[in-house]
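S.K.: There's a structure below that I have some questions on.
The values are calculated or read from the model by the stated rules, or taken from the named source; none is laboratory data. Nothing here was measured: the structure is a model prediction, and the numbers come from that model. Note that each Cβ is placed from the backbone with ideal geometry, even for glycine, and that neighbours are counted across all protein chains shown.
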Amino acid sequence: MTALLAVTDLVKTFGSGDVATRVLRGLSLDLGNGEMVALLGASGSGKSTLLTILGTLMKPTSGHYEMLGQDLMVANDKELTDFRNSHIGFVFQFHNLLPDFTALENVLFPSAVRDGRETAAARARGRDLLVRMGLSSRIDFPTSHLSGGQKQRVAVARALMNSPELVLADEPTGNLDSASAMQVMELIAQINREEGTTFLISTHDDKIAGLCRRKLIVRDGVLTG
Amino acid sequence: MLYALKIASRYLTANKAQTVLLVTGVAVGVFIFIFMSALIGGLAEFILSRTVGDISHITIQAETEDPSLLINPDGAVLFIAEKGVTRTATLTDAAIWTPMIAQLQGVKAVSPQITGAGFLTRGAQVSQVSITGVQPGQESAIIKLDTYTKEGSERIAAGLIVMGRDLADDLALSLGQSVRVQSSNGVTTTLTLSGIYESGNGAIDGARAYVSLSTARTLFAIPQGVTQIEIKLNDLNAADDIAIRIRSLTGLDASPWTDGAAQLMEALNAQAQTGYFLKTFALITIVIGVASALMLSTYRRRPEIGIMRAMGAKQSFVIFVFVMQGAMIGLLGGLTGAGLGYVALLPFPPRDAFQVGTLPLDITQGSYGLAIILTLIGAILASILPARAAARVDPVTAIGQ
């Protein structure tokens, strides 16, 4: 398994002086291509902060972060945005879809901002992803007409649109009933198997974690397992 | 960027009521801008037509010759020929210049004239008048005598005189009656009243009379040439430029009407300045309205902006989305306001039919294109601040909301 990313001695401190809160305390992590990893830990342990940093949405206070051979600690905002668009997908606890757009338009967004328009090839891939997510009858539906589980499946399709090497999922089933949660997780597992996309999934749910081949536990800002 | 344009238009159509209100607000501002442009422009037109509509726009007068001097080599003046009191300066080559000036672009009419002072006497009644000799057929070239004539005809021929109502009343003259005319040169003749006009201008109606050019030659003893050439232009605002052109072409002393109208020009300038202020306030209102609406939109859409940024949208993309929204609101509001302004101005009489007591709104001076362009620019400028605020949204904070 080839290395996808490596973080070393990651530290993240919020605030300063007396009110400074150190959330990550020298965390180190390696992920390989095609892995499906569960990130476990209590609330406030630093899981979300770690995902946010790995997703290049936030810079760590110190440490080293390299992905696909690129040193992301020295990249500027524009470079990080381009990198994120091409190589990283996100699935949030709340679907976070654009409310005034259809399911397909939401899925196409990462590709359209990269290309400046919705290309025919992108539309074909977007449709294909939604079909794979079991949403063939909801492709052109406004997202407000979809159920919670359907919205989350649209969000998964969106995360996969630009064929990223890494998908970061922060409690992706936390807002779903158990049936919908398992349906979403099975889709994620299928994509992981078929396309070799690496998934790092933050969860409290042991059943969800059970679907992952590797488990990492964050405790007090460091990995313990 | 086509995609940013799509997002911007979707945002506007997603909340139709808010967009319609916003566009309506901009349209009202543009409507006020156009209304003020038409009113200020029309008012200036009306004032000018009422004050200088019946005067020559450019007047060429013969230059008075300096008295002859005889000076010896050491500079002492030996002889001075005093200026004759009855000698009138004339444009002896008027017959050459007149057709040439008439062909200049922007010139509507050219009227060579002989003017002078005189007295009209009928019985015991005597009135001092300004006598103007014009070529028959050109009576209405400068002042609209054909429009103003209420009795008889404005057509002048040898032996006939046309005068204003006030002057005729002072002399108790009726159409077809004779009046004795004595010029300042002492020449006396008897003329028949053939037309009475009412221009509404006291100076013209009460102290001026028109005779034929040949009659004026006799009265003022000018066998050749004329005393002045009056010129009417298609656009009286072009008087300064055309006067300069005539001076450079002919060497004659051509004076535009603006030379003697400093106070009027000041008043018109002050009026125009007032118009600029009002139009500027209308534009500022538009800018503030668009900026505040987009700022609210930015705040309301913070989570979506965060999602876009997380999905790889650059700050420039977010800026473009919001600037495009401003531009579309400006364009839609500008076009709507301009259209409404034009339609609202349609019922008003055109500039050449303005009447006392009605608003002189000139539909041709609505500045429609300018209003649309300025609104578009203003709306784009107004959207920059909200757009920059949107681009600076922290995706982590925004998504967590």
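S.K.: Which pairs do you get when a residue that is touching a residue at least 60 places away in the same chain (Cβ under 8 Å) and more than 16 Å from B:Ala238 (Cβ to Cβ), found in the range B:37-54, comes within reach of a residue that is in a helix (DSSP H, G or I) and small (Gly, Ala, Ser), reach meaning Cβ atoms under 6 angstrom, with the pair 6+ apart or on two chains?
M.R.: The qualifying pairs are B:Ile40/B:Gly275.
S.K.: May I ask you to verify whether B:Gly378 is away from chain A (no Cβ under 14 Å), at negative phi, touching a helix residue (DSSP H, G or I) at 6+ places or on another chain (Cβ under 9 Å) and surrounded by 24 or more Cβ atoms within 10 Å (Cβ to Cβ)? Reasoning before the result, please.
M.R.: Working: away from chain A (no Cβ under 14 Å): yes; at negative phi: yes; touching a helix residue (DSSP H, G or I) at 6+ places or on another chain (Cβ under 9 Å): yes; surrounded by 24 or more Cβ atoms within 10 Å (Cβ to Cβ): yes.
Yes, satisfied.
S.K.: For B:Ser9, indicate whether it is under 22 Å from B:Gly334 (Cβ atoms), touching a helix residue (DSSP H, G or I) at 6+ places or on another chain (Cβ under 8 Å) and within 14 Å of another protein chain (Cβ to nearest Cβ).
M.R.: Working: under 22 Å from B:Gly334 (Cβ atoms): yes; touching a helix residue (DSSP H, G or I) at 6+ places or on another chain (Cβ under 8 Å): yes; within 14 Å of another protein chain (Cβ to nearest Cβ): yes.
It is true that B:Ser9 is under 22 Å from B:Gly334 (Cβ atoms), touching a helix residue (DSSP H, G or I) at 6+ places or on another chain (Cβ under 8 Å) and within 14 Å of another protein chain (Cβ to nearest Cβ).
S.K.: Of the residues A:Leu54, A:Leu5, A:Leu24, A:Leu31, which single one is touching a Leu at 6+ places or on another chain (Cβ under 8 Å), aliphatic (A, V, I, L, M) and over 18 Å from A:Phe83 (Cβ atoms)?
M.R.: A:Leu24
S.K.: Within the range B:232-270, which residues are at pLDDT below 90, among the acidic types (Asp, Glu) and farther than 21 Å from B:Ile40 by Cβ?
M.R.: If the condition is that a residue be at pLDDT below 90, among the acidic types (Asp, Glu) and farther than 21 Å from B:Ile40 by Cβ, then B:Asp253, B:Asp259 are the ones that fit.
S.K.: Going by the structure shown, is B:Ser127 surrounded by 14 or more Cβ atoms within 10 Å (Cβ to Cβ) and either among the acidic types (Asp, Glu) or under 25 Å from the mean Cα position of the chain (by Cα) (or both)?
M.R.: Against the criterion (surrounded by 14 or more Cβ atoms within 10 Å (Cβ to Cβ) and either among the acidic types (Asp, Glu) or under 25 Å from the mean Cα position of the chain (by Cα) (or both)), B:Ser127 does not qualify.
S.K.: Still on this structure, I have one more. Take A:Leu98 and decide whether it is at pLDDT 90 or above, facing chain B (nearest Cβ under 10 Å), in contact with an Asp or Glu (Cβ under 8 Å, 6 or more places away or on another chain) and assigned to a helix (DSSP H, G or I).
M.R.: On the way: at pLDDT 90 or above: yes; facing chain B (nearest Cβ under 10 Å): yes; in contact with an Asp or Glu (Cβ under 8 Å, 6 or more places away or on another chain): yes; assigned to a helix (DSSP H, G or I): no.
Criteria not met by A:Leu98.
S.K.: Continuing with this model, one more query. Among (1) farther than 22 Å from B:Gln103 by Cα; (2) buried (at least 17 other Cβ atoms within 10 Å of the Cβ), which single condition is B:Gly225 missing?
M.R.: Answer for B:Gly225: the failing condition is (1).
S.K.: Select the strands (runs of 3 or more DSSP E) contained entirely in the range A:3-57, then report the ones holding at least 2 residues which are surrounded by fewer than 22 Cβ atoms within 10 Å (Cβ to Cβ) and more than 19 Å from the chain's Cα centre (by Cα).
M.R.: Because the criterion is at least 2 residues that are surrounded by fewer than 22 Cβ atoms within 10 Å (Cβ to Cβ) and more than 19 Å from the chain's Cα centre (by Cα), the strands (runs of 3 or more DSSP E) in the range A:3-57 that meet it are A:3-14, A:21-32.
S.K.: Considering B:Ser194, B:Ser292, B:Ser214, B:Ser199, which residue is of a type in the set (Gly, Ala, Ser) and assigned to a strand (DSSP E or B)?
M.R.: B:Ser194
S.K.: Would you mention how many residues in the range B:188-211 are within 18 Å of B:Gln113 (Cα to Cα) and modelled with pLDDT of 90 or more?
M.R.: 5
S.K.: Which residue, of B:Ser183, B:Ser174, B:Ser194, is among the polar types (S, T, N, Q), surrounded by 18 or more Cβ atoms within 10 Å (Cβ to Cβ) and touching a helix residue (DSSP H, G or I) at 6+ places or on another chain (Cβ under 8 Å)?
M.R.: After ruling out the rest, the residue left standing is B:Ser183.
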